[in-house]
1. Look through region 43-67, keep the residues that are among the β-branched types (Val, Ile, Thr) and more than 9 Å from the ligand (Cβ to nearest atom), and return whichever of them is nearest to residue 101 (Cα to Cα).
2. With the structure loaded, tell me whether residue 70 is on the phi > 0 side of the Ramachandran plot, touching a residue at least 40 places away in the same chain (Cβ under 8 Å), assigned to a loop (DSSP other than H, G, I, E, B) and more than 16 Å from the ligand (Cβ to nearest atom) or whether it fails that test.
3. Report the residue count in region 97-156 for those that are in a helix (DSSP H, G or I) and on the phi > 0 side of the Ramachandran plot.
4. Of the conditions (1) buried (at least 21 other Cβ atoms within 10 Å of the Cβ); (2) within 16 Å of the ligand (Cβ to nearest atom), residue 40 fails just one. Which one is it?
5. Name every residue in region 157-167 that is crowded, with 19+ Cβ neighbours inside 10 Å and not in a loop (DSSP other than H, G, I, E, B), in order of residue number.
6. Of everything in region 327-346, what is among the polar types (S, T, N, Q) and either in the same structural domain as residue 223 (by TED's automatic domain parsing) or surrounded by 13 or more Cβ atoms within 10 Å (Cβ to Cβ) (or both)? Give them in sequence order.
7. Does any residue of region 168-185 turn out to be within 26 Å of residue 52 (Cβ to Cβ) and part of a loop (DSSP other than H, G, I, E, B)?
Amino acid sequence: MTRLTIENVSKLYPGGVAALKDFSLEIEEGELVAIVGPSGCGKSTLLRIIAGLEEETSGKVRMGERFLTGLPPKERNIAVVFQSYTLMPHLTAAENMAFGMRLRGTFRNQREEKIRAIAKTLGIEGLLNRYPAEISGGERQRVALGRAILREPDAFLFDEPLSSLDAQMRLQLRVEIQKLHQRLGTPMLFVTHDQNEALALGDRVVVLNQGKIQQIAKPDELYLKPANTFVASFIGAPGMNLFPGRLESNGNVHRFVSSSVTFPLTPSQASTLRTYSEVVAGIRPEHLNLSHPPDAELRGTVTAIEKQFDQTCLYLENENVVFTAKAARNISCHLGDVLQWSVALDNTAFFDAITGELIL
Ligand code: ADP
């Protein structure tokens, strides 16, 4: 087994859409990398290029030392599990699963044994003689997964394989994929627009926007240290609040000042921010605490209240600045109430207002 390497891949579609811009990534043996980004950011284009279904404009794809670029899909030995199941309707589940193996010339008795073993792992051993029309969406996706495993590929690519399933089935299959990942040790690339899925599955997560990598990081780091304002607002539900403002110093007293929120800075924060004239303060909704004057640093009128099982998410507005905060589940408040907040300074991030890049 070896690593999957994507080197400086760009894709310009006829008509001028730059779907991928200088994309580079190495997926190690046994690693699952999740790619997350909004619709149209280039996720499917990347998978199609790796699978050989689309040609890159420049760059290379390698499996170990073996260059895949230029090879037809069937010579790449890479399995793709798509959002739609792509099962053959006139073949049973078992025959569908055997399909990739049959092409590779596996003996019949060996084939049956392997199919039964994989079907058992995936919990579909009772359905092997049914046709795709006779099983549920989640079961069809398990069959598709089984077929991919039985091909014994060098790498797996998942193209939003769970997005057409209901919430419960999605969670179940997510767990199956995790187990599979631990057992097989094959490089896996999992594409999704669902950040929860990316965070749950990915050893590392790539955030992609408009064809460009925004950040590659472990899930925790993505949340705590977003590389730029795009990642900050994209990751998290809701995302990080962003307040454009500036540093103001008066002797030894340093403050972040913006139209809606003003709070003191530590000397070390002030020292780092001093060279920037305009910065953006990033504050996660859970890092705003309900407060009262004189400690309050931010006022907001409640415009929407979203009750969740373990907390309440509040949507607030201050002079056209919209922000969100998380409060206790049993908080008593109403639309139109004005609430006051203080900022958990240790958890505040600062970004360069011009480039959007994280400063600290
Ligand atoms: P995602 O999978 O993240 O939704 P895609 O990879 O499908 O994104 O698309 C990336 C960009 O490339 C989009 O702007 C899309 O409209 C464009 N695109 C995708 N396929 C083609 C194509 N065959 N011809 C021209 N543009 C395309």
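1. The selected residue is 50.
2. Taking the combined requirement at face value, the residue does not satisfy it.
3. Of the residues in region 97-156, 0 are in a helix (DSSP H, G or I) and on the phi > 0 side of the Ramachandran plot.
4. Condition (1) is where residue 40 drops out.
5. Those that are crowded, with 19+ Cβ neighbours inside 10 Å and not in a loop (DSSP other than H, G, I, E, B): 157, 158, 159.
6. 340, 342
7. yes
Listed here are the residues, each with its yes/no results for (1) more than 29 Å from residue 21 (Cβ to Cβ); (2) under 19 Å from the mean Cα position of the chain (by Cα).
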{"site": "121", "(1), (2)": "yes, no"}
{"site": "124", "(1), (2)": "yes, no"}
{"site": "131", "(1), (2)": "yes, no"}
{"site": "145", "(1), (2)": "yes, no"}
{"site": "178", "(1), (2)": "yes, yes"}
{"site": "188", "(1), (2)": "no, yes"}
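The values are calculated or read from the model by the stated rules, or taken from the named source; none is laboratory data. The structure presented is a predicted model; accordingly, all values stated were derived computationally and were not measured. Reconstructed Cβ throughout: ideal geometry from the backbone, glycine too, with neighbour counts over all protein chains shown.
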